[in-house]
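The values are calculated or read from the model by the stated rules, or taken from the named source; none is laboratory data. Small disclaimer: the values here were computed from a predicted structure and weren't measured. A quick note on method: Cβ atoms are made from the backbone with ideal geometry, for glycine too, and the neighbour counts reach across all protein chains shown.
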Amino acid sequence: MATVQVKRRELSFGERIYLPEVLRGLKVTTRQLFKNMFTKKDIATVQYPEVRKEYPDRFRGRHRLMKREDGSVRCVACMLCSTACPAKCIHIVAGDKGDQSVEKYPVSFEIDLLVCIYCGFCEEACPCDAIRMDSGRHPLPSFTRDRQRIRKIQLLEDGGPSIAVQGGKGT
Ligand code: SF4
Ligand code: SF4
């Protein structure tokens, strides 16, 4: 196989001492600094949390658990979401609801947000419109790992009512 030899270009004296290149870089930085100070155009930095960027409709934020019309959790602890979850970060403990039409409910429902990869599979797998990722909220920073494990009570705080028919039909 033929080989091609690539000749390296000799650096000039100015390039070898770096100083002109450093000054050239500083010129670009200074020009941008004054441009940002006086024109305030094309500034990418957002003054969060006072200013917030609009997210696209398909943005997947922190999960929320939806409620029935009577305010109870829609989840029937079928485990489809935790089975579909590739990160195995959903942990549900099912309990008997004592209602033949529903049968089960989640006694505890926990998601480890540090393990979650925000793929949305849980939302897609759910046949009850019980879990959504349309809260538009980021997970909040915390000092401990445990605070990143969101539980049923927090998931329900954002959860609004859903009138979708259990089993995936309807709206
Ligand atoms: S978004 Fe993906 S990784 Fe996160 S809980 Fe849902 S299925 Fe699991
Ligand atoms: S798939 Fe839906 S109904 Fe089933 S356990 Fe998950 S959130 Fe609950």
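Below is a table of values for the structure above.
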{"read-out": "Residues that are of a type in the set (Ser, Thr, Tyr) and at pLDDT 85 or above, drawn from segment 135-171", "value": "Ser135, Ser142, Thr144, Ser162"}
{"read-out": "Residues of segment 60-95 satisfying the condition of being more than 8 Å from ligand 1 (Cβ to nearest atom) and of a type in the set (A, V, I, L, M, F, W, C)", "value": "Leu65, Met66, Val73, Cys75, Val76, Ala77, Cys78, Met79, Leu80, Ile92, Val93, Ala94"}
{"read-out": "Selection status of Val107, among the β-branched types (Val, Ile, Thr), over 19 Å from the mean Cα position of the chain (by Cα), under 20 Å from Lys67 (Cα atoms) and part of a loop (DSSP other than H, G, I, E, B)", "value": "no"}
{"read-out": "Among (1) part of a loop (DSSP other than H, G, I, E, B); (2) within 16 Å of ligand 1 (Cβ to nearest atom); (3) surrounded by 12 or more Cβ atoms within 10 Å (Cβ to Cβ) - the single one Val102 does not satisfy", "value": "(2)"}
{"read-out": "Test: residue in segment 136-155 that is within 15 Å of ligand 2 (Cβ to nearest atom), under 18 Å from Arg64 (Cβ atoms) and under 13 Å from the mean Cα position of the chain (by Cα)", "value": "no"}
{"read-out": "Odd one out for Ala94, checked against (1) closer than 25 Å to Phe59 by Cβ; (2) within 14 Å of ligand 2 (Cβ to nearest atom)", "value": "(1)"}
{"read-out": "Top-ranked residue of segment 5-45 - restricted to ones that are at pLDDT 85 or above, in a loop (DSSP other than H, G, I, E, B) and β-branched (Val, Ile, Thr), ranked as surrounded by the fewest Cβ atoms within 10 Å (Cβ to Cβ)", "value": "Val6"}
{"read-out": "Residue in segment 62-78 that is surrounded by fewer than 17 Cβ atoms within 10 Å (Cβ to Cβ), within 17 Å of the chain's Cα centre (by Cα), assigned to a loop (DSSP other than H, G, I, E, B) and of a type outside the set (D, E, K, R) present", "value": "no"}
